[in-house]
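Engineer: Quick one: the structure is below, and I'll ask about it shortly.
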Amino acid sequence: MKNKQMGPIQLGGLLAGAVLGSGVILLPPMAEAKLGDWTVTAWLIIMALGAVFASLFARLAVAYPGSEGVPIAIRKAFGEKAAQLASNYIICAVCVGPVPVMMTAAESIAHTFNLSAAQISSTAAFMVLICASILLRRVTFVSTISLIASIAIGLIMISGSLTTINLNPVSPTPVNTPDFSTLGSSLLLLFWAIIGWEIIGNYSMEVRNPKRTIPLATIIGVSTVSIVYLLTGWAMHSIDKSKHDFLNIAQIVTPLLGGYANLTIMLITCILCICTYLMIIGGISRLIATLADKGKLPSILAKTNANNAPSSAIMLLCFIHMVNLLLLHNGVVSLEELVAFANVFFLANSLIAVGAALKIFKSPAVRLSCLVLSFGFCTLLAFSSSCSLLVLATVSILTLIRRRIPPFAFAKK
């Protein structure tokens, strides 16, 4: 069984590919357009927060290992209701959050091959099916794919960034006083570049020697993500703006790859989005299976296949995503509404986890980092849509007032 578990390099690659996700394609051009000289400084701030965020969740995963993930630590700090609340938050987020990720990849494919708008949803649905088939394999297979993809993408983005910086060297140090309002709103936008580290705990039972593997994997993942984002942000700042009507990530790799740049970016986008989907669905399906095994969800969701993958939970989540894609295709919901919904629940889950860490760990440095993260999360929630906050409040109330939680509690015989 030992050789079927992940080591630090495999887990680090899985984490890096998932956290980079579609953000490395979308965020650097946005940051440069908003911040100019302050772009690289903003990335330094966000990557520093990301390192704190990742190390905090790695510490929780080591202290309280289990496929259920962060709710284990939350249960220790605040009790069963709070743990169930966090579980409900993350499950609600993952019921819709991965759909915009798949749509980002599908739109990239459609742009490259001139597909019609009607074909985008079907392309995204096909990618969901591919991901489902991968997730039903052993977790080491999934992590190996993510590791290879992370290495390839990291090399391409780093090489392209260094080439662009070398051809048009521009100092990353700001020379003007920033517009603090713009800087603040931009940092809120870039904060999404570090969301994803909270899934570490869900894989704590899938690794060899968690006390060694999880910290090392976190270092590998954080280092990779930070280097890619910082160099990409610097390269985007180095681009000669007079030659372009608008900024996109393909301009960074064009000096390196020439006419193959757009195709390469399309492939990178697809691979990163798939890595994000695999990591998030893989982690949360394990949470769902654990809750089902404890009698808090229908027992059928605890079913695993011969590869020890939580097959029933994986298929349920993929089915929900197919339904969301159908609703999206027919205009019942918008992509923005799905993103807003998922963002609120991801943030609420992370806020409870940070609160648990603040109570559990006595180190002043850890507590200070928890306070900084709490401030960031609360600020982001304040900028969320009122509709999403209303749904969040409804889920919270229903979870807290029920005597048996969650509503679908079928005790196993």
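The values are calculated or read from the model by the stated rules, or taken from the named source; none is laboratory data. Here the structure is a predicted model, which means the values were calculated and not measured. All Cβ positions, even for glycine, are placed from backbone atoms using ideal geometry, and neighbour counts span all protein chains on display.
Engineer: Kindly provide the set of residues from the stretch 365-392 that are of a type in the set (S, T, N, Q) and under 13 Å from LEU187 (Cβ atoms), ordered by number.
Structural biologist: Selection gives THR379 alone.
Engineer: Give the residues of the stretch 293-308 that are modelled with pLDDT under 90 and out of contact with any Asp or Glu (no Cβ under 9 Å at 6 or more places or on another chain), sorted by residue number.
Structural biologist: Once the filter is applied, which keeps residues that are modelled with pLDDT under 90 and out of contact with any Asp or Glu (no Cβ under 9 Å at 6 or more places or on another chain), the stretch 293-308 yields ASP293, GLY295, LYS296, LEU297, PRO298, THR304, ASN305, ALA306, ASN307.
Engineer: What residue, among those in the stretch 20-55 that are β-branched (Val, Ile, Thr) and farther than 21 Å from PHE377 by Cβ, is nearest to the chain's Cα centre (by Cα)?
Structural biologist: VAL24
Engineer: So VAL99 passes all but one of these: (1) touching a Leu at 6+ places or on another chain (Cβ under 7 Å); (2) within 20 Å of ALA342 (Cα to Cα); (3) surrounded by fewer than 16 Cβ atoms within 10 Å (Cβ to Cβ). Which condition number does it fail?
Structural biologist: (3)
Engineer: Applying the selection to the stretch 185-204, what residues are of a type in the set (Gly, Ala, Ser) and modelled with pLDDT under 75?
Structural biologist: SER185
Engineer: What is the one condition in (1) more than 24 Å from the chain's Cα centre (by Cα); (2) among the aliphatic types (A, V, I, L, M); (3) farther than 24 Å from ILE158 by Cα; (4) surrounded by fewer than 24 Cβ atoms within 10 Å (Cβ to Cβ) that LEU297 does not satisfy?
Structural biologist: Answer for LEU297: the failing condition is (4).
Engineer: Please find, among GLU198, GLU206, the residue that is over 17 Å from VAL101 (Cβ atoms), touching a residue at least 24 places away in the same chain (Cβ under 8 Å), charged (D, E, K, R) and crowded, with 17+ Cβ neighbours inside 10 Å.
Structural biologist: So the residue among GLU198, GLU206 that is over 17 Å from VAL101 (Cβ atoms), touching a residue at least 24 places away in the same chain (Cβ under 8 Å), charged (D, E, K, R) and crowded, with 17+ Cβ neighbours inside 10 Å is GLU206.
Yes/no matrix, rows are residues, columns are (1) part of a helix (DSSP H, G or I); (2) in contact with a helix residue (DSSP H, G or I) (Cβ under 8 Å, 6 or more places away or on another chain); (3) modelled with pLDDT of 85 or more; (4) surrounded by 12 or more Cβ atoms within 10 Å (Cβ to Cβ):
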site	(1), (2), (3), (4)
ALA348	yes, yes, yes, yes
VAL354	yes, yes, yes, yes
ILE397	yes, no, yes, no
PRO406	no, yes, no, yes
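Engineer: Could you figure out which of (1) surrounded by 19 or more Cβ atoms within 10 Å (Cβ to Cβ); (2) hydrophobic (A, V, I, L, M, F, W, C); (3) closer than 19 Å to PHE78 by Cα isn't true of ALA393?
Structural biologist: (1)
Engineer: Moving on to the next point. Look at SER185 and say whether it is surrounded by fewer than 17 Cβ atoms within 10 Å (Cβ to Cβ), over 29 Å from LYS243 (Cα atoms) and not hydrophobic (A, V, I, L, M, F, W, C).
Structural biologist: no
Engineer: I'd like the residue in the stretch 8-67 that is surrounded by fewer than 24 Cβ atoms within 10 Å (Cβ to Cβ) and at positive phi and, out of all such residues, is modelled with the highest pLDDT.
Structural biologist: Residue satisfying both the conditions and the ranking: GLY36.
Engineer: Of the residues in the stretch 284-328, how many are without any contact (Cβ under 8 Å) to a residue 24 or more places away in the chain, among the aliphatic types (A, V, I, L, M) and in a loop (DSSP other than H, G, I, E, B)?
Structural biologist: 1
Engineer: Right, here's the next one. Every residue in the stretch 373-390 that is surrounded by fewer than 15 Cβ atoms within 10 Å (Cβ to Cβ) and either more than 11 Å from ASN343 (Cβ to Cβ) or small (Gly, Ala, Ser) (or both), please.
Structural biologist: Across the stretch 373-390, the qualifying residues are PHE375, CYS378, THR379, ALA382, SER386, CYS387, LEU390.
Engineer: For the stretch 281-297, give me each residue that is among the hydrophobic types (A, V, I, L, M, F, W, C) and touching a Leu at 6+ places or on another chain (Cβ under 9 Å).
Structural biologist: ILE281, ILE284, ILE288, ALA289, LEU291, ALA292, LEU297, listed by residue number.
Engineer: Considering only the stretch 165-181, I want to know if a residue exists there that is under 20 Å from the mean Cα position of the chain (by Cα) and touching a residue at least 12 places away in the same chain (Cβ under 8 Å).
Structural biologist: Looking for residues that are under 20 Å from the mean Cα position of the chain (by Cα) and touching a residue at least 12 places away in the same chain (Cβ under 8 Å), one finds none in the stretch 165-181, hence no.
Engineer: If you scan the stretch 146-182, which residues turn out to be more than 25 Å from ASP240 (Cα to Cα) and crowded, with 20+ Cβ neighbours inside 10 Å?
Structural biologist: Selection gives SER146, LEU147, ALA149, SER150.
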